[in-house]
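Below: the structure, in structure tokens.
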Amino acid sequence: MKESEIVDMISRKLFPYILLFGLYLISYGHLSPGGGFQGGVVLASGVILICLSRGVSSAERVFPSRKLRIVEAEMFFLFLLMGAGGLLIGKYFLENFLPLGEAGEVPSGGFIFFLNIVIGLKVGAGIILICFYILKSKGE
Amino acid sequence: MTEVILILLVIFGTLSLQFKKLLNAVICLAIFSLLSSLLFYYLHAPDVAIAEAAVGAGVATVLFVVIISKTRKEEK
Amino acid sequence: MRILIYVFLGLGMFFGLLGNLGVLRFPDIYTRLQASSKCGITSLLSILIASMLIKGITPMSGRILVITLFFLITSPVASHIIGKRAWEEGLIPWRRKKPGKKEN
Amino acid sequence: MINVFLKWKIVRVILTSLYLVVGWILFTGNLAPFSIFLGFTFSFSVALFTYNIFIEEREVARRALLPRAYLLLIYLGVLIFKIYLASFKMVLTIITGDINPRVVHFRTGLRSEVARVILANSITLTPGTLTLSLDQDHLIVHWLNAKTTHSHYAGKLIKGSFEFWLKKIWI
Amino acid sequence: MDLNPLVLDIVIFALTGISVISMVRVIIGPTTEDRLIGLNLVVAQIVGIMVVVAVKFNRSIYLDVALVYAILGFVSILAIARYTGGKEVQK
């Protein structure tokens with residue numbers, strides 16, 4: 001089906017804003033009802049919008065699936081590494097070892113901020129990969 | 001307020017099982033997850049509402065629709 | 001100011017109700033799409049403007065402004081997509097039968 | 001020659017991140033320095049990935065990238081006023097049930113793509129008309145209360161003053 | 001500006017009733033496009049309800065949910081309309 005000019009233009013102009021909103025949800029995760037998982041899904045939905053309006057190949061040029069696979073695996077490794085850092089410095093797995101800021105500001109959660117970013121990138125990469133495979137498959 | 005939403009949830013849950021055409025069932029499921037998201041939101045649980053809205057109404061609907069378009073359209 | 005807020009809230013509910021009546025009443029898909037795209041967006045716009053007026057100039061009304069702009073951009077696109085799908089599927093628009101009118 | 005393309009790339013990245021920073025500040029509403037620093041960082045990193053989609057390589061007209069902002073605000077006000085007018089007309093139509101729908105084809109004279117898309121969206125929002133298809137400069141419009149089916153006059157009646165304003169803003 | 005909270009309650013109930021009316025179109029619509037029109041209307045009205053509830057509770061962060069729902073409703077309508085053509089329009 002040929003896509004019309006309107007959908008093409010609007011999704012083109014909306015795509016960076018949706019990615020930025022996903023990053024906002026991730027980075028304000030300890031202050032607002034967002035968080036790593038929800039922000040990652042919003043990031044993925046931005047890429048789905050481009051997939052639907054301009055085809056999978058155009059989205060794959062921006063985010064190559066080979067690199068996405070590497071990002072997803074490395075983010076999980078990084079998550080484990082941060083947990084092990086808490087184990088080494090303090091007592092428990094995933095213990096906070098960064099200074100706490102003032103309540104209500106952005107840098108107030110210690111390393112929850114970095115943990116949220118790691119989880120968000122991992123979830124986003126995973127859902128984008130699932131959608132690429134399903135959209136490219138031939139079907140029956 | 002919550003009673004109205006719960007009654008509507010039951011109605012749409014049964015309707016999505018009743019339809020023979022799978023696309024209509026998917027549309028009913030989208031409204032079902034929208035209503036449950038509104039219920040969580042009204043009961044002061046906005047993070048659950050965001051997760052429900054993002055997964056149930058967005059990504060799950062897209063995946064269902066794409067898979068239906070690649071297989072048969074009617075339920076036997 | 002208070003009167004203005006009441007007026008906008010009332011307008012929102014009025015347009016929502018009548019738009020739904022139009023969606024239930026009109027004969028075919030294109031005319032239903034007309035009713036939904038006009039009255040639906042006007043009802044939402046009135047309610048958002050009223051809540052912006054309630055809050056005054058605060059960070060909260062900035063967020064409501066973002067939601068308003070998003071809806072002004074995407075709502076016509078959604079109705080355009082639905083109309084285009086029906087047009088390409090070959091649904092014929094309903095037309096009033098009038099003996100005196102000349103067909104084009 | 002390669003230098004020109006590189007320069008154009010840098011300009012596109014900077015423009016995209018500036019547009020994004022405005023959205024960030026409007027949405028968070030938080031003017032603490034760390035939040036603004038975060039906004040600049042995220043906007044720049046998003047712009048590095050998406051500058052090629054946000055601003056395509058062929059969109060080089062200056063007005064297409066930086067429209068006249070004050071005229072755009074006036075246009076938004078006129079548009080909202082016309083939306084309310086259209087809705088009152090639509091309510092009258094719903095109550096009386098007096099409709100005469102037709103499908104009309106016509107052309108537009110706008111050259112900028114953004115302006116054409118905004119024209120189509122405004123037509124969808126104003127009284128009794130609905131854009132069904134937009135192909136280059138050819139529009140197919142469903143009209144609820146058709147007065148004429150002649151292509152030229154129908155275009156004049158439907159477009160109204162939108163085309164004049166859009167021409168001023170984007171060209 | 002402080003408003004009588006009863007007014008906002010009445011508005012929330014009225015919007016719920018209106019969205020119930022537009023769900024009727026989803027249930028009885030003969031074609032898929034009619035159901036899509038109903039879905040579009042329901043999304044708009046539920047976003048309105050969410051904004052009014054956020055204003056009533058006076059919590060600024062609750063508005064995130066409304067914006068997330070606006071984005072994802074648009075994406076799902078685009079997916080349904082694009083990927084499921086009728087008879088001859090097949091991807």
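Values quoted throughout were computed directly from the atomic coordinates according to the rules given, and no laboratory measurement underlies them. A quick note: this is a predicted structure, and the numbers were derived from the prediction, not measured. Neighbour counts are summed over all protein chains in view; Cβ atoms, including those assigned to glycine, are modelled from backbone coordinates with ideal geometry.
Miscellaneous remarks
- Ascending count of other beta-carbon atoms within 10 Å, so fewest first, for A:12, E:35, E:59: E:59, A:12, E:35
- What the phi angles of region C:31-38 give under the Karplus curve with 6.51, -1.76 and 1.60, with θ = phi - 60°, is a coupling list of 5, 4, 5, 4, 4, 5, 6, 6 Hz, glycine and proline written as x.
- When the Cα positions of B:40, D:121, D:37 are compared along the charge dipole of the protein assembly as shown, D:121 comes out farthest toward the positive end, with charges on each C-beta of Lys, Arg, Asp and Glu.
- Overall shape of the protein assembly as shown was characterised from the C-alpha gyration tensor. The equivalent ellipsoid obtained from it has semi-axes of 38, 28, 26 Å, in decreasing order.
- Phi to ³J(HN,Hα) by Karplus 6.51 cos²θ - 1.76 cosθ + 1.60 over region D:99-108, Hz, x for Gly, Pro: 10, 8, x, 9, 10, 10, 10, 7, 10, 10
- Cα-Cα P(r), region A:5-136, percent of pairs per 5 Å interval: 2, 11, 17, 19, 18, 13, 9, 6, 4, 1, 0, 0
- Geometric extent, Cα atoms of chain D - Rg, Dmax (angstrom): 20.4, 66
- In region D:69-170, Rg over Rh equals 0.97, where Rg is the alpha-carbon radius of gyration and Rh the Kirkwood radius from pairwise Cα distances.
- Above-threshold pairs, the threshold being 22 Å between Cα atoms, out of C:38/D:167; C:55/D:89; D:89/D:168; B:20/B:70: C:38/D:167; C:55/D:89; D:89/D:168
- Residues A:67, D:82 arranged by fewest to most Cβ contacts within 10 Å: A:67, D:82
- Distance between the 7 Å Cα→Cβ label points at residue D:161 and residue C:92: 4.1 nm.
- Choice from E:78, E:63, E:36 showing the highest fluctuation, given a GNM over chain E with Cα pairs closer than 10 Å: E:78
- Cβ-to-Cβ counts within 10 Å put E:7, E:65, B:62 in ascending order as E:7, B:62, E:65, the fewest first.
- Remark on residue D:130: its backbone amide H falls under 5 Å from those of D:142, a criterion applied only to residues 5 or more positions apart or on other chains, H modelled at 1.01 Å from N.
- Value in Å of the Kirkwood radius, where chain C supplies the Cα pairs that are averaged: 15.9
- In chain C, the DSSP-assigned H stretches of four residues or longer account for a calculated mean residue ellipticity at 222 nm of -28000 deg cm²/dmol, using -39500 (n - 2.57) per stretch and the full residue count as denominator.
- Protection proxy ranking for C:9-20, E:45-56, using the average of other Cβ atoms within 10 Å per residue and placing the highest first: E:45-56, C:9-20.
- Averaging the sequence gap over all C-alpha pairs within less than 8 Å and six or more residues apart, then dividing by the number of residues, gives chain C a relative contact order of 29 percent.
- For chain C, the longest site-free run once trypsin sites (Lys or Arg not before Pro) in DSSP loop states with at most 14 other Cβ atoms within 10 Å are removed: C:1-95
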